């Protein structure tokens with residue numbers, strides 16, 4: 001057998017395979033074809049003598065068996081060799097050992113669980129076991145559940161599922177299983193002391209994931225329907241519905257946050273109608289593979305990059321306002337719920353196709369000295385009002401805190417995906433208030449649990465999900481098909497179509513423009529008068545601005561609105577309203593210089 005294996009490796013030129021595969025992976029078709037032709041020529045040269053040799057060998061064996069040695073001699077020889085081989089084999093290296101199933105783990109028993117829980121060092125638990133050995137209850141039999149074992153456990157009085165979840169690493173040691181196989185969860189629907197323990201046959205982070213259905217050639221997506229996002233501990237697909245929702249993704253660095261966000265962008269790209277805004281503030285180009293389908297694409301945090309993104313987000317804010325007017329003016333028979341429907345999204349005349357905005361490392365925006373407050377205001381508005389208008393906002397950060405995820409955003413996001421985080425505050429910032437207390441703790445994930453997190457908002461309960469990993473090469477293949485389908489329906493716009501962004505729009509100086517609308521002799525103006533004049537001054541930039549927009553734009557300049565006495569230009573009557581004085585604006589401008 002070994003001889004035949006070596007012979008096959010030589011005949012089919014196995015030595016050159018790594019070189020050929022390397023050329024293929026580098027997409028170097030010229031080198032690959034040359035190597036392939038050389039290999040085929042070598043195989044042709046080597047195949048002929050080998051075939052002749054095998055025929056001769058088989059003929060010799062056949063003649064020897066038939067005419068030289070009687071059959072019974074062969075029988076005795078083979079039997080004797082078998083007996084001698086069995087008798088002479090070393091005791092620790094048998095010729096044939098017992099069949100071993102290397103995948104199936106030993107049965108999970110109640111004794112093993114009680115022993116493991118008792119080793120966690122939880123005071124109340126140990127006291128209860130000392131008084132009553134059967135203090136830990138098992139309301140249902142321990143049974144197989146997918147590729148693992150499931151145990152429903154009633155913990156002693158005063159011990160919560162969260163106490164056990166916080167010690168997942170110690171629990172895996174007590175069960176003598178890999179940490180990636182041990183998944184404790186709470187079931188608050190029963191009571192706080194109900195623990196659901198699932199112990200898998202394989203480490204979830206290392207187990208081979210089923211082929212992603214959306215990676216098949218020709219796959220398309222309808223964002224109004226649920227799509228496969230990842231698999232749970234049992235290997236079952238978990239779906240996510242992006243439409244009518246905003247989403248937050250949080251994790252410490254290097255846990256798969258960006259890859260998960262890129263997967264969501266790929267899902268959106270597979271809907272030929274969808275308009276994509278992809279912003280990579282980390283600056284590493286992780287979204288470059290999706291760029292051929294993106295209406296807006298930005299990478300990096302240099303001043304010119306931020307200015308371009310600000311211009312695109314202002315454009316998006318105006319698009320949201322346009323959609324509000326369109327929805328408001330549609331008859332009730334066409335739009336009964338005042339939101340975008342699949343039928344409305346399909347109508348090209350209304351231009352209400354889904355818009356997906358993905359921002360990685362969003363804290364870079366919200367902490368920006370010049371544009372931070374404006375970008376926060378735009379994103380908050382999109383998260384609050386955008387979902388009903390077909391605008392889906394997905395924000396990801398490696399620092400889930402109040403600055404990175406402002407309250408107006410974190411409180412209104414429906415979908416949440418939290419990979420490993422460090423503490424309770426970060427956990428609840430991403431997953432929602434009291435989730436840590438309820439036993440949904442992303443702090444339990446290990447550093448090896450790459451791409452694994454809690455998905456909340458899709459159903460009543462948060463689920464542990466492993467997102468789909470597709471590297472840049474695989475992503476490009478999927479996006480190439482998505483791009484072709486977009487070209488077929490004429491939906492390649494913005495960045496993907498090679499259009500330039502009006503960066504000048506991001507370089508506006510609201511303070512200087514506000515001073516410019518003061519006429520001779522006017523020392524005070526109300527805010528609503530100022531925004532009206534700004535809209536006349538630069539309609540494309542200030543059209544639709546409110547007094548609040550003006551206040552947000554001028555606050556970083558060091559000037560805030562206050563009650564001012566001014567005359568109404570139409571009636572000629574004076575009144576006290578929120579506004580600005582020329583002196584305050586001039587002082588702020590001089591201080592800025």
Legend entry - Whole-number percent relative contact order across the stretch 228-495, with pairs defined as alpha carbons under 8 Å at least 6 apart: 31
Legend entry - 350, 108, 83, 171 arranged by Cβ crowding within 10 Å, fewest neighbours leading: 83, 350, 108, 171
Inset, instruction - Compute the acute angle (0 to 90°) between the alpha-carbon long axis of helix 472-489 and the principal axis of greatest extent of the alpha-carbon atoms of the chain; round to the nearest 10°. - result: 60
Legend entry - Distance between the stretch 202-277 and the stretch 1-66 - C-alpha centres, whole angstrom: 42
Legend entry - Expected 222 nm ellipticity per residue - DSSP helices of 4 or more, -39500 (n - 2.57), all of the chain, to 500: -12000 deg cm²/dmol
Legend entry - Rough spin-label spacing in nm, given labels placed 7 Å along Cα→Cβ, for residue 469 and residue 302: 3.2
Inset, instruction - Determine by what factor the alpha-carbon radius of gyration of the stretch 110-200 differs from 2.2 N^0.38 Å, reporting the quotient. - result: 0.98
Inset, instruction - Distance between Cα centroids, the stretch 352-374 to the stretch 553-593: provide it in whole Å. - result: 29
Inset, instruction - Averaging sequence separations of C-alpha pairs under 8 Å and six or more residues apart, then dividing by the length of the chain, give the relative contact order as a whole percent. - result: 12
Inset, instruction - Taking the Cβ of each residue in 320, 255 as the centre, tally the other Cβ atoms inside 10 Å and list the residues starting with the fewest. - result: 320, 255
Legend entry - Along each principal axis, Cα extent of the chain, largest first, Å: 128, 78, 54
Inset, instruction - Mind checking the full-extension length gain between residue 157 and residue 84? Use 0.36 nm per residue of separation minus the Cα-Cα distance, one decimal, nm. - result: 19.8 nm
Legend entry - In degrees, nearest ten, helix 29-63 long axis to first principal axis of the chain (Cα): 20
Legend entry - Relative exposure of 181, 362, judged by other C-beta atoms within 10 Å (fewest first): 181, 362
Inset, instruction - Output the relative contact order of the stretch 218-280, whole-number percent, from Cα pairs under 8 angstrom with separation of 6+ residues. - result: 33
Inset, instruction - Note the angle between two axes, namely the Cα long axis of helix 303-329 and the longest principal axis of the Cα atoms of the chain, as a number of degrees from 0 to 90, rounded to the nearest 10. - result: 80
Inset, instruction - Quick one, can you get me the convex hull of the C-alpha atoms of the stretch 438-502 expressed as volume per residue in Å³? - result: 195
Legend entry - Rounded Å value of the spacing that divides the Cα centres of the stretch 166-186 and the stretch 441-483: 21
Legend entry - Estimated translational D of the stretch 228-495 in µm²/s (Stokes, Kirkwood radius over Cα pairs; 25 °C; 0.890 mPa s): 131
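No value in this document is a laboratory result; all are computed from the given coordinates. All figures in this text were calculated on a predicted structure; none of them were measured in a lab. Reconstructed Cβ throughout: ideal geometry from the backbone, glycine too, with neighbour counts over all protein chains shown.
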